[in-house]
Amino acid sequence: MFEIAGIDHIVLRTTKLSAMMSFYCDILGCSVERKTTEDIGLTQLRVGNSLIDLVVVDSQLGALGGGAPTLTENNLDHFCLQLKPISESGIKQHLLSHGISVDDFSKRYGAQGFGPSLYIKDPEGNTVELKSQI
């Protein structure tokens, strides 16, 4: 039997590559790990020990997944990014300074147990949970 150690990567399909890269890199602090050629349409972003793959819908790779995500046809429910220790007010202030709507933190259970988290939306409407370490 094997054990899962954590999230390796997630793949998000997009029609808004520039906006998605700005959101994940400039606002959330990911960095570009690797880009493939334009016809394949894959950009991989480093997020801690994991990757977020952004796949352009009208690329060779993106076409394999069908149509573009919409407000009612997202390609996943949500995913959670675990943050290094930071105050709740610090997280909110950062997000608000980038025009991102935020709600109040709630205590939710995740891979590291219970902790404060909140939900935000990326430019494609995917729900991103940000979970703070206590």
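So for the chain: antiparallel DSSP bridges make up what percent, rounded to the nearest 5?
Details: 20 of 32 bridges.
Roughly 60 percent of the DSSP beta bridges within the chain come out antiparallel.
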Two pseudo-spin positions, 7 Å from Cα along C-beta at His9 and at Ser22, lie apart in nanometres by 2.5
If each part is reduced to its alpha-carbon centroid, region 12-79 and region 98-125 end up apart, in Å, by 19
Sequence order, region 84-99: Karplus ³J(HN,Hα) from phi using 6.51 cos²θ - 1.76 cosθ + 1.60, θ = phi - 60°, Hz rounded, Gly and Pro as x, gives 6, x, 7, 5, 4, 5, x, 5, 4, 4, 4, 5, 4, 5, 9, x
Computed about the Cα centre, the charge dipole of region 11-93 from +1 Lys/Arg and -1 Asp/Glu charges at the Cβ has a magnitude in debye, to the nearest 20, of 260
Between Cys80 and residues 5 or more places away or on another chain, the pairs with built amide H atoms under 5 Å apart involve Glu129
Checked against the positive end of the charge dipole of region 9-132 (+1 on Cβ of Lys and Arg, -1 on Cβ of Asp and Glu, about the Cα centre), the farthest of Val102, Gly41, Ser59 is Val102
Given all pairs of distinct Cα atoms, region 9-132 yields a Kirkwood Rh in Å of 15.2
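Since every read-out is calculated from the coordinates, none of them should be taken as a lab result. Here the structure is a predicted model, which means the values were calculated and not measured. We place every Cβ from the backbone using ideal geometry, glycine too, and count neighbours over all the protein chains shown.
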